[in-house]
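Structure, as structure tokens:
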Amino acid sequence: MMASSNTMARCGDIWVFIEHRDGNPARVSLELLGAGRRLADAINVDITAILIGESVSELAKELIYWGADTVIVADDPIAGAYSTEVYTRIIADQALKRMPEVLLIGATEIGRDLAPRIAARLNTGCTADCTELDIDEETGVLVATKPYFGRNLMADIICPLKRPQMVTVRPGVMELKDRYSDRRGELIYVDVDLREEDTRITVIDSIPSSYGGVPLEEADKVVCAGIGVGNREGFELIRELAELLGAQLGATSLPVDEEWISEDHKIGQTGKTIRPKLYIGCGVSGAIQHSAGMINSELVVAINNDPRAEIFQFADYGIIGDVNEIVPALIRQLKIAREAVGSDAAI
Amino acid sequence: MEIIVCIKQVPEAGDIGWDPDTGTLLREGASGVVNRHDKHAIEAALQLREAHGGTITALSMGPPQADEALREALSMGVDKAVLLSDRRCAGADTLATSYALSLAVKKIGRFDIILCGKETSDGMTAQVGPQLAEFLNTPQVTCATEISIRGHSVRITQKLEGGLRILETRFPALITVERQINQPRIPPMDSIMEAYRDREVQAWSLEDLGERGDHFGLKGSPTKTKRVYTKEVTRGMVTILQGEPDEVARDLIRALQQKGLC
């Protein structure tokens, strides 16, 4: 049998799971506190952040400034490192007790590990990797929008009968709202009540990522290499251009599949979602698999030798030409421009 | 060691329609392939069996034609293949899918490890692995890049955004794998022939699992697709810069400088 039916009476709060590392919240969790406000206002409820960890009371206060009305805090050494089972136990128990209407979780690797397990325990629906959230005016039900399978398809998914309505939301798609240090809210400390089966996995070691630099999701400028760069030498030119511009380097699927660059740099449906001030696509065709991850960029520059490439449909500036001619020219001209500025300064 | 590998037949990219009434994907008629991540799960199972012995059962849920995906798993070297196929399972979301799979796993019997791909190329939710683990009350480790076994304990390298973690748990456990964990083998032609000619794919219906409830398919799915639509990606007009490479480069740099972006 599945878990007992939990069709809940309306209407609880909007909950946001707070992912953090060493007391620093994941940006997506703060984005969700901001995005949750519009939903909460639409159904006239509050926002509750759910925070699990060890020595996290400072962060708990910080979450109020970022928009939480209430923070449920489970502060316990046993919850210091992320654990699927421990976190599932705490969140599912609290959800059964307090009956949230909605539970929002960032679609990070941790979020995508945790959310489905909680949903299965609560016997409710969870929509993965959403890019838009709305409340249906008539029914008050959460409408979660996600890109659907490859082409330019979007799907609106609802969970009409079960609560909480769970979704994971891609990092970078919701705008980060302002922090107000005069906001007030309530902290609720809860006990961690585990069962033996919640500690079946032991963390032997943790090795931080060697990927330095600004995460792509937070970068102001991104230079992205696509299939048109042709080969590894072409790819290295894109890297040089990115470095000259002080931009982060992104890629579509092909350079990642060819192992010219690690998976962490992939932008699109199966990669990251970015919203930089400047995006330069080099040999990027602009198919939805990629563009779904970069369409919120403020200024889009496209360099592609195919004038019919989709990217020209949504680029602000387009250069029709061979990446391997245009990019070296850009590098040359950037260096010249920099020297000119340098000599001006000397005068 | 008893290993179960869960696989899914997915449409080849660009070969898919959807039902405008139910909003679910139409898989029938589309040519299917084994989901790419799942091939890595099969390979991981084969390597564990090579090192530690045991048997591997490949399990899939899908329309009758998903039989082909299981034949491919057989040709790669799995020992047994089970297809759960029932019209009542059609239109299942991840919860209803995982629940049906959990019943099939219970019918297969005792297991030490269940391997799944990290996600499928069609749904891309990465939810079925964790939900199956929950229904079976086993620990789960997602995003595995290495698996090693000592006695009854299994050590897994997990790739999370913060870096890598080394985790340890005891059997039974469910593990979802990243593509970088291995390079799936390509079966020789005679294995493929044999898989189609001489091997058996057990076909189970919900009846075979002793289930008459409505926890399955569209009915058993808490999520519903309200609407599927195309979204035109449009912005303002594009300004095309023309001329020799160095000219357009200069023009672009000037434009970026004016906007404070360069």
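The values are calculated or read from the model by the stated rules, or taken from the named source; none is laboratory data. Worth saying up front: this structure is predicted, and the values here are computed from it rather than measured. Cβ atoms come from the backbone with ideal geometry, glycine included; neighbour counts cover every protein chain shown.
Summary of values
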quantity	calculated
Test: residue in the range A:201-221 that is in contact with a strand residue (DSSP E or B) (Cβ under 7 Å, 6 or more places away or on another chain), surrounded by 13 or more Cβ atoms within 10 Å (Cβ to Cβ) and in a helix (DSSP H, G or I)	yes
Residue check for A:Leu187: part of a strand (DSSP E or B), touching a helix residue (DSSP H, G or I) at 6+ places or on another chain (Cβ under 9 Å) and surrounded by fewer than 24 Cβ atoms within 10 Å (Cβ to Cβ)	yes
Leading residue by the ranking (farthest from the other protein chains (Cβ to nearest Cβ)) among those in the range A:91-106 that are in contact with a helix residue (DSSP H, G or I) (Cβ under 6 Å, 6 or more places away or on another chain) and outside any helix (DSSP H, G or I)	A:Leu104
Matching residues in the range A:86-111 - criterion: being at pLDDT 95 or above and surrounded by fewer than 21 Cβ atoms within 10 Å (Cβ to Cβ)	A:Ala92, A:Asp93, A:Gln94, A:Leu96, A:Lys97, A:Arg98, A:Met99
Residues satisfying the stated conditions in the range A:253-266, i.e. more than 9 Å from every other protein chain (Cβ to nearest Cβ) and touching a helix residue (DSSP H, G or I) at 6+ places or on another chain (Cβ under 6 Å)	A:Leu254, A:Pro255, A:Val256, A:Trp260, A:Ile261, A:Lys266
The listed residue being under 30 Å from A:Asn24 (Cα atoms), hydroxyl-bearing (Ser, Thr, Tyr), more than 7 Å from every other protein chain (Cβ to nearest Cβ) and surrounded by 15 or more Cβ atoms within 10 Å (Cβ to Cβ), out of B:Thr169, B:Thr157, B:Thr125, B:Thr142	B:Thr157
Residue, nearest to A:Ile52 (Cα to Cα), within the range A:107-125, restricted to residues that are at the interface with chain B (Cβ under 7 Å from one of its Cβ atoms) and part of a loop (DSSP other than H, G, I, E, B)	A:Thr108
Index of the failed condition, A:Ala247 passing every other in (1) under 26 Å from A:Gln333 (Cα atoms); (2) surrounded by fewer than 21 Cβ atoms within 10 Å (Cβ to Cβ)	(2)
Yes/no for A:Asp198 being within 12 Å of another protein chain (Cβ to nearest Cβ), more than 30 Å from A:Thr84 (Cα to Cα) and at pLDDT 90 or above	no
Among the residues listed as A:Arg232, A:Arg275, the single one being buried (at least 16 other Cβ atoms within 10 Å of the Cβ) and more than 10 Å from chain B (Cβ to nearest Cβ)	A:Arg275
Total residues in the range B:212-262, condition of a type in the set (A, V, I, L, M), touching a residue at least 40 places away in the same chain (Cβ under 8 Å) and facing chain A (nearest Cβ under 7 Å)	1
Filter result for the condition that a residue is among the hydroxyl-bearing types (Ser, Thr, Tyr) and within 7 Å of chain B (Cβ to nearest Cβ), over A:Thr84, A:Thr131, A:Thr88	A:Thr84
